[in-house]
Amino acid sequence: MRSARGSSAVRCHRLISVRGAGILSAFHRMRPRQENTAASDPIGQGKAWPQPPGRWIVRMFIQQLFESPQYYLTWVVLVAFSICVHEFCHAWMAVHLGDRTPARYGRFTLNPLRVMGPMSLAMLFLFGIAWGAVPIDPRALRGRFGRFWVALVGPLSNLVLAAVFVPLLIVARRFSGSGASNPFLLLPLVGVRANCFLFVFNMLPVPILDGWTVYESLIPGMRRVSAQARGQVGIVVLLVLFMTPAGRFLWSVSEWLAFRLTQGGGVLFRLGGM
């Protein structure tokens, strides 16, 4: 769910609606892994990385409510929570740097009805896709890199959330088993995977996502791209990601990150004698 980025921004009274970074979807197909070697075990128990049940396709997401309601509800709740945290961090950083716009528009909150809105929530329930938006005024931000920090803090919040879920996942797997239907394992598992995806997705250098504003702040040449071109390119790239197999690569990268985070957490647990 992006926020605070100028390139992806939708202008409204010269404000930037930071959005896009919150987009998350179940467009990917989740394929269970078959390996059972210790090398593939992120927790160090000689068991494969736990996989959620079933394969997801955007148009079929609502079917999960009937086929795997526990997983469906866990995904919806955690995605909404992660998007709200992402957008709240955008808003907090903007306010911290002198822009009170998020507070004036009632977006300095974790309330999904304010941050995401009815349409985004409906899309989440039906298709597993959601987004959030926080308006900012770049002119009110203090410092040369104000927009940079406002844009970066959103994706970083998702990386931090993923890291927070890692020890919960390790503990749940050690003490309650590794079955995909294990309710104690399901919540931290989805938390790690969803937030890793949000981080990777939002850091893409694509107009309308946080990554564009982050890189644009460091590469001045990117600022010469017109607002119209940014919007057109952003929509095309998103369509390619969500409607073609290219999206699988993005999911694979986020899965790799989730695996490495969990693997690193397992190492720390072993070093701590836990």
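Values in this text are rule-based calculations from the coordinates and carry no lab data. Since we're looking at a predicted model, the values are computed, not measured. Ideal geometry is used to build each Cβ from the backbone, glycine not excepted, and the neighbour counts take in all protein chains shown.
Of the residues making up segment 150-199, those that are within 30 Å of A140 (Cβ to Cβ) and either small (G, A, S) or surrounded by fewer than 24 Cβ atoms within 10 Å (Cβ to Cβ) (or both) number 9. Checked across segment 90-98, the condition of being over 18 Å from L209 (Cβ atoms) and part of a loop (DSSP other than H, G, I, E, B) holds for at least one residue.
Is it the case that V134 is β-branched (V, I, T) and either farther than 29 Å from A258 by Cα or outside any helix (DSSP H, G or I) (or both)? Criteria met by V134. So for segment 242-254 (the condition being closer than 29 Å to A163 by Cα, buried (at least 17 other Cβ atoms within 10 Å of the Cβ), over 20 Å from the mean Cα position of the chain (by Cα) and not polar (S, T, N, Q)), does at least one residue qualify? No, every residue in segment 242-254 fails to be closer than 29 Å to A163 by Cα, buried (at least 17 other Cβ atoms within 10 Å of the Cβ), over 20 Å from the mean Cα position of the chain (by Cα) and not polar (S, T, N, Q). Only one of the listed residues (V206, V225, V233, V240) is β-branched (V, I, T) and under 21 Å from H86 (Cβ atoms). That residue is V206.
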